[in-house]
1. Out of the range 15-33, which residues are of a type outside the set (D, E, K, R) and farther than 15 Å from MET157 by Cβ?
2. Based on what the data block shows, is ASP72 at pLDDT below 90, within 18 Å of the chain's Cα centre (by Cα) and surrounded by fewer than 14 Cβ atoms within 10 Å (Cβ to Cβ)?
3. Could you grab me the full set of residues in the range 62-79 that are assigned to a helix (DSSP H, G or I) and out of contact with any helix residue (DSSP H, G or I) (no Cβ under 7 Å at 6 or more places or on another chain)?
4. Of all residues in the range 14-34 being exposed (fewer than 13 other Cβ atoms within 10 Å of the Cβ) and touching a Pro at 6+ places or on another chain (Cβ under 7 Å), which is nearest to LEU171 (Cα to Cα)?
5. Here is a list: ARG33, ARG15. Which entry is within 18 Å of the chain's Cα centre (by Cα), assigned to a helix (DSSP H, G or I) and closer than 20 Å to PRO183 by Cβ?
6. Limited to the range 18-27, what total is found for residues that are over 16 Å from PRO67 (Cβ atoms) and assigned to a helix (DSSP H, G or I)?
7. Please work out which residue is nearest to LYS151 (Cα to Cα), limiting yourself to the range 35-45 and to residues that are among the polar types (S, T, N, Q) and buried (at least 19 other Cβ atoms within 10 Å of the Cβ).
8. Going by what's in this entry, would ILE39 be described as under 20 Å from THR182 (Cβ atoms), touching a Phe, Trp or Tyr at 6+ places or on another chain (Cβ under 6 Å) and at pLDDT 95 or above?
Amino acid sequence: MQSAMMQILYKGIFRWFLKLIVGVQFPDTRFLRKEGQFIILANHNSHLDTLSLLSSLPGNLLWKIKPVAAEDYFGRTRFQAAFSNYFINTLLIRRKGEKDSEHDPLRKMLDAIDEGYSLILFPEGTRGKPEQMGKIKSGIARILSLRPELKYIPVFMTGMGRSLPKGELILLPYKASIFYGTPAVAGSTDVHEILKQITDDFEMMKDKYQVVTEDDE
């Protein structure tokens with residue numbers, strides 16, 4: 001039931017809304033069907049990011065992929081947590097307060113991976129300023145060091161932060177794009193080397209895809 005609902009929402013409604021109203025350009029992601037399990041790593045400038053990423057995925061994979069989201073934002077109440085888990089398929093993690101073994105973010109992500117789920121993760125940890133990418137945190141490198149056979153896929157998005165910047169409620173039409181990189185495995189089990197590998201991947205994608213506007217000059 002959840003799988004059918006997500007396909008209706010993201011492939012039948014949100015994808016067309018984002019494409020026609022916001023101006024999001026979606027890539028061909030059929031190659032993901034052959035990849036099995038993976039972690040999608042994406043830059044993060046807007047609440048449109050998760051919606052756009054889910055709408056870009058093949059419909060039959062939606063229920064198998066969990067966006068990692070902040071419990072203090074998407075799960076502040078039981079109703080909100082249930083809503084997020086059902087309609088977004090979130091993996092809610094605790095960013096603030098006491099973190100026991102049950103609420104350890106790394107443990108929860110590893111458990112989801114071991115259960116067969118793929119993840120969507122924003123390695124910066126929070127939304128940044130429009131068209132700017134912050135420093136990648138070490139969490140993803142720690143995960144890949146413990147699951148070295150798991151592939152990661154870098155995804156670079158442009159324009160989302162201008163359509164709906166952090167702190168804004170009004171959605172503005174703006175040309176936005178999603179670019180999927182090449183699936184890869186970490187070339188090491190050393191956290192620092194993995195972090196450098198991922199950072200280099202994003203630097204190459206940023207140089208290749210980032211659009212310079214008059215405001216940036």
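1. Here is the first cut: in the range 15-33, the ones of a type outside the set (D, E, K, R) are 16-18, 20-27, 29, 31-32.
Matches in the range 15-33: TRP16, PHE17, LEU20, ILE21, PHE31, LEU32.
2. On the way: at pLDDT below 90: yes; within 18 Å of the chain's Cα centre (by Cα): yes; surrounded by fewer than 14 Cβ atoms within 10 Å (Cβ to Cβ): yes.
Considered against the rule, which asks whether it is at pLDDT below 90, within 18 Å of the chain's Cα centre (by Cα) and surrounded by fewer than 14 Cβ atoms within 10 Å (Cβ to Cβ), ASP72 comes out as yes.
3. Step one: filter the range 62-79 for residues assigned to a helix (DSSP H, G or I), giving 62-64, 71-74, 78-79.
Those that are assigned to a helix (DSSP H, G or I) and out of contact with any helix residue (DSSP H, G or I) (no Cβ under 7 Å at 6 or more places or on another chain): LYS64, GLU71, ASP72, TYR73, ARG78, PHE79.
4. So, considering only residues that are exposed (fewer than 13 other Cβ atoms within 10 Å of the Cβ) and touching a Pro at 6+ places or on another chain (Cβ under 7 Å), the one nearest to LEU171 (Cα to Cα) is ILE21.
5. Values: ARG15 fails: closer than 20 Å to PRO183 by Cβ.
Going through ARG33, ARG15 in turn, just one is within 18 Å of the chain's Cα centre (by Cα), assigned to a helix (DSSP H, G or I) and closer than 20 Å to PRO183 by Cβ: ARG33.
6. To start, the set of residues in the range 18-27 that are over 16 Å from PRO67 (Cβ atoms) comprises 19-27.
With assigned to a helix (DSSP H, G or I) added as a condition, the list becomes 19-22.
Adding up the residues that qualify gives 4.
7. First, the residues of the range 35-45 that are among the polar types (S, T, N, Q): 37, 43, 45.
Pick out the ones that are also buried (at least 19 other Cβ atoms within 10 Å of the Cβ) and you get 43, 45.
Working: ASN43: 17, ASN45: 24 Å.
Filtering first and then ranking leaves ASN43.
8. Working: under 20 Å from THR182 (Cβ atoms): yes; touching a Phe, Trp or Tyr at 6+ places or on another chain (Cβ under 6 Å): yes; at pLDDT 95 or above: yes.
Yes: the conditions hold for ILE39.
The values are calculated or read from the model by the stated rules, or taken from the named source; none is laboratory data. Treat the numbers as computed from the prediction; the structure is a model and nothing was measured. Glycine gets a Cβ as well: all are built from the backbone with ideal geometry, and neighbour counts include every protein chain shown.
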